[in-house]
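A short worksheet on the structure shown next.
Since every read-out is calculated from the coordinates, none of them should be taken as a lab result. On a predicted model such as this, the values are computed, not experimentally measured, just so you know. FYI the Cβ positions are ideal-geometry reconstructions off the backbone, even for glycines, and counts take in every protein chain you see.
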Amino acid sequence: MKLYHLPFRGFLIFLPAVLLFACNPSSDEQKGENDLTLTAANVKLELVREWSLHDAEIFPNLTYFQTIGDGELIAGDYSLQKIYHIDENGEILRTMSGQGRGPGEMSSFFAMDTHPNGYIAAADLSSNRVTIFNLNDEQFRTTNFDAGWNPSLQWVDDKLMIVSNPFRVAARELPLGSLVINVYDPESDSSEEHFILELEMQNAPPEQLSCTFCPVVFMDEHHFFTINRDTTYRFHKFDVRTGEAETFEFSRFPPAIRFTESEREIIRENREESSRRTGTPVSTAPIPTHKFRFISLFIDANNRVWLEINPHQDSSRRFDIFSEDGSYLGSLDFPENAEGAEHLSESGILFRFPSEDPEGYSLKLYSLEW
């Protein structure tokens, strides 16, 4: 299997705001042959339902939000290490997991994905364990993964893709930060290694195609997409059978967004706060001047690629939408006041909104009509 070296522009694990927004671009000009002019996508959003969750004792730190079925909510709370199944009226139908190291428990809840059939997979960093709950009964099963940075989970058909960047890769003569993809089959209760990409966590050459903390989203069992955490407008499609990658890059596109001074001050404050919490020195890396081009990446049921674009401070957010072969299908503005996109599924798009209660959560599910 062919291995790729993928880029990472700075070690930022303790800086959530920086991970979301920033890096220093090598140039304001993008290299590429394709031009792109923004047009409206032929898609309509229609509000299906909304949730307002305001009980701080029950929901002190909701971190993960997804939808399932006709629009029921699955929400994961990092502080309590719990997963909630919530109906359309905001009533809790079931609570799963909880703080601990026993069967079905977690102590460092880090990733979650839901299957349309009612399976919920959750990763626990401290035990290197994935627990798969079943909404249809009280049963659950577990599988393990190698300890490492930034694990992620994704159901593809009836198999679970487990992506991680293992700490202990030196014995395999892989660079620290290499990305390892395993496939877990609940039917046979077995897991096997699916694909490896070599990642240089630091000082990576600019031509490399992803990074340790970049999202990996599967289209099917044999193909995944990823993006760069930089200012370039490019995304990549990998074929795990051949190890080959196809890059879709656009040059004369709206330029990357510069940080305002107030945003750069937030980065400084976050670095200082991270230093206090971790006991490590404050980062001396230059404060970035530009935001990352992309915030997130989604793939819908028709294999369309949805790129959430990092906006100007005073601008609304938007998706740029592409076919699986990189053809631009148009752009879609977020609903007014939406703060971010949480999940894209057959149910629609789940957006997060400002809550009137500072300790509450406001979520709205919109259907998609093409």
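Among the residues of the stretch 249-277, those identified as among the small types (Gly, Ala, Ser) and farther than 18 Å from His290 by Cα are Ser274, Ser275.
Just one of the listed residues (Asn203, Asn182) is under 20 Å from the mean Cα position of the chain (by Cα), over 19 Å from Trp306 (Cβ atoms) and of a type outside the set (Phe, Trp, Tyr), and it is Asn182.
The residues listed here are Glu187, Glu207; of these, the one that is out of contact with any helix residue (DSSP H, G or I) (no Cβ under 6 Å at 6 or more places or on another chain), more than 24 Å from Asp124 (Cβ to Cβ), surrounded by fewer than 20 Cβ atoms within 10 Å (Cβ to Cβ) and not hydroxyl-bearing (Ser, Thr, Tyr) is Glu207. Filter the stretch 156-181 down to the residues that are hydrophobic (A, V, I, L, M, F, W, C) and either touching a His at 6+ places or on another chain (Cβ under 6 Å) or outside any loop (DSSP other than H, G, I, E, B) (or both) and list them by number. Correct list: Val156, Leu160, Met161, Ile162, Val163, Ala170, Ala171, Leu179, Val180, Ile181. Just one of the listed residues (Glu198, Glu246, Glu192) is within 30 Å of Arg141 (Cβ to Cβ), outside any loop (DSSP other than H, G, I, E, B) and not hydrophobic (A, V, I, L, M, F, W, C), namely Glu192. Among the residues of the stretch 133-148, those that are surrounded by fewer than 20 Cβ atoms within 10 Å (Cβ to Cβ) and either without any contact (Cβ under 8 Å) to a residue 12 or more places away in the chain or within 19 Å of the chain's Cα centre (by Cα) (or both) comprise Asp137, Glu138, Gln139, Ala147. Every listed requirement among (1) under 30 Å from Asp185 (Cβ atoms); (2) outside any strand (DSSP E or B); (3) in contact with an Asp or Glu (Cβ under 9 Å, 6 or more places away or on another chain) is met by Leu297 save one, (2). Being in contact with a Pro (Cβ under 9 Å, 6 or more places away or on another chain) and free of Cβ contacts under 8 Å to residues at least 40 places away in the same chain holds for only one residue in Ser275, Ser296, and it is Ser275.
Determine whether the stretch 274-292 contains at least one residue that is assigned to a strand (DSSP E or B) and surrounded by fewer than 19 Cβ atoms within 10 Å (Cβ to Cβ). Taking every residue of the stretch 274-292 in turn, none turns out to be assigned to a strand (DSSP E or B) and surrounded by fewer than 19 Cβ atoms within 10 Å (Cβ to Cβ).
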